[in-house]
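The values are calculated or read from the model by the stated rules, or taken from the named source; none is laboratory data. Everything numeric here is computed off the predicted structure, so don't read it as measured data. All Cβ positions, even for glycine, are placed from backbone atoms using ideal geometry, and neighbour counts span all protein chains on display. Calculation scope for accessible area: heavy atoms of the full protein, side chains included, ligands and nucleic acids excluded. Shrake-Rupley method; radii C 1.70, N 1.55, O 1.52, S 1.80 Å.
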Amino acid sequence: LSFLGYAVLQFTENDFDTRSEEARLLRISALNNYDDGNMTAATVITVFLSKSKTKTPNRSHSLFCTDTLMRYGTGRVRYQVLEHKDVKCDKKQHNVDHDASGPCLAVTREKYNNYNNLKCAFPRCRTMVTNDEKCEASGKFDVRGYYSAEIPSPVYLPLGMEHGTGLSLQKIQGQADFAPASDRQFAFNAIFSMSTNKDRVDLAKTIARHAADNPLRVFTDISNKWTANVNSPKTTQLSTDDYMEVLLDSVFTLAPAGGNPECYRIFEAVEAGSIPVFLKADLDMEGSRCAHSLQHWRNSPALIVDMWDDLYPTMTVLMNNTTELDARQERMGMWYEKYMRKITADFEDLMLAPLPATDTTDSEDMVLAKVTAAKGKKWKKTKIKGKKTKKTKR
């Protein structure tokens, strides 16, 4: 398993191709730039990403800003990635997806009551919600990040690598194969903040208890508070470059649940040749809206412990068999590639399938009526059988 590369992601006005006021082509997305010389016959899928409110891209859009979907894709499709303004349900914006002559996907990070808005602005597109760590969004979305067995969305897309760490891995590793597990310096790394989940506090205490009396060489960088921009000079947390250096030199990577058990660290670890370590309870999430959020990983070669107190005894045994460590690392890479290819193929199948016939109650005018009513406006749209849509006063 080797890393194939991610695009540089720094946003300036020159990085966009202004097509309209509503949507702009994100030139530096690796999906826009991807070309293996054999993509001319592929169907173009247009992806509309909600515009970032800061100078940096939304972390939740990393999957669409890296080349992951192409690396693990079937070759049937290629992508055009655009950013759009905040979704507003307005008839004037119904042509926002005029450049999407083929299949398209409209992506939002606003999980509360935004499905109708999104469908109104992009009536001919499939829809996706990201940032839904608590699995609170409507089940109407066609695609969702963060898997839940409780929400019957047709397709799930994982987080993948965060774009900043992907760039660091490309810079450090390039096209070279990573080191085998037996040649790595650290038995495991523990790099996390304690503020996002109380169970992480217990893990930090477990690591502290063993720090002085255990011969295993480990790397720890545990902070009290989560930081969005670890590359800022104002933070003392590891930069993305230093973080990826550690993952590339670690046999295992601890992956304790944060706001959701799924986190970028899981995918970053495997891409760097490090084996994730899960707490069994995090895979189940019984009684949660995000139930069984990591059930796909249950039968993977990842290490699963019943409790964090089992970590050091288990690691001590595993690290004494270097041949098995290398074999497990190889199995992890093979499983991950198969897993990502299956997920990507399922997504392509959905996007290439015809949109279901639109019910009259869900026509563009009626969706607009629903959204207008939800906003509590004075005027609303209503559908009159056999006549044109007109405004009526409440």
### Message
Just to check your reading of the model, which residue among PHE267, PHE252 is at pLDDT 95 or above, surrounded by 16 or more Cβ atoms within 10 Å (Cβ to Cβ), touching a strand residue (DSSP E or B) at 6+ places or on another chain (Cβ under 7 Å) and within 23 Å of ASP177 (Cβ to Cβ)?
### Response
PHE252
### Task
With the checklist (1) in contact with a helix residue (DSSP H, G or I) (Cβ under 7 Å, 6 or more places away or on another chain); (2) open to solvent by less than 40 Å² (accessible area, probe 1.4 Å); (3) of a type in the set (S, T, N, Q) in hand, flag the one item ASN197 doesn't pass.
(1)
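For (1) under 24 Å from the mean Cα position of the chain (by Cα); (2) over 30 Å from ASN114 (Cα atoms), each residue gets a yes or a no:
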| residue | (1), (2) |
| --- | --- |
| TYR146 | yes, no |
| ALA149 | yes, no |
| LEU159 | yes, no |
| GLU162 | yes, no |
| SER168 | yes, yes |
| VAL218 | no, yes |
| THR240 | yes, yes |
| LEU248 | yes, yes |
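Under 23 Å from ASN131 (Cβ atoms), within 21 Å of the chain's Cα centre (by Cα) and in a loop (DSSP other than H, G, I, E, B), is that true of THR196? Quick ask: steps written out before the conclusion?
Values: under 23 Å from ASN131 (Cβ atoms): yes; within 21 Å of the chain's Cα centre (by Cα): yes; in a loop (DSSP other than H, G, I, E, B): yes.
It is true that THR196 is under 23 Å from ASN131 (Cβ atoms), within 21 Å of the chain's Cα centre (by Cα) and in a loop (DSSP other than H, G, I, E, B).
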### Message
I'd like to check something: does the range 172-190 contain any residue that is open to solvent by 10 Å² or more (accessible area, probe 1.4 Å) and under 21 Å from the mean Cα position of the chain (by Cα)?
### Response
no
### Summary
When MET161 is run through (1) farther than 16 Å from ASP67 by Cα; (2) buried (at least 22 other Cβ atoms within 10 Å of the Cβ), the failure sits at (1)
### Message
Residues to consider are GLY102, GLY160; find the one that is at pLDDT 85 or above, of a type in the set (Gly, Ala, Ser), more than 30 Å from LEU238 (Cβ to Cβ) and in a loop (DSSP other than H, G, I, E, B).
### Response
GLY102
### Message
I need a count of the residues in the range 126-144 that are touching a residue at least 40 places away in the same chain (Cβ under 8 Å), of a type outside the set (A, V, I, L, M, F, W, C) and touching a strand residue (DSSP E or B) at 6+ places or on another chain (Cβ under 7 Å).
### Response
3
### Among (1) in contact (Cβ under 8 Å) with a residue 24 or more places away in the chain; (2) in contact with a helix residue (DSSP H, G or I) (Cβ under 9 Å, 6 or more places away or on another chain); (3) farther than 29 Å from ALA149 by Cα, the one test that GLY273 misses
(3)
## Note on the structure
Expected output for the range 197-222 (first residue among the aromatic types (Phe, Trp, Tyr), partner surrounded by 15 or more Cβ atoms within 10 Å (Cβ to Cβ), Cβ below 6 Å, 6+ apart or cross-chain) is PHE219/PHE186; PHE219/ASN189; PHE219/VAL246
## Note on the structure
Those residues of the range 270-316 which are open to solvent by less than 10 Å² (accessible area, probe 1.4 Å) and at positive phi amount to GLY273
### Task
Determine, yes or no, whether LYS134 is part of a loop (DSSP other than H, G, I, E, B), among the charged types (D, E, K, R) and in contact with a Cys (Cβ under 9 Å, 6 or more places away or on another chain).
yes
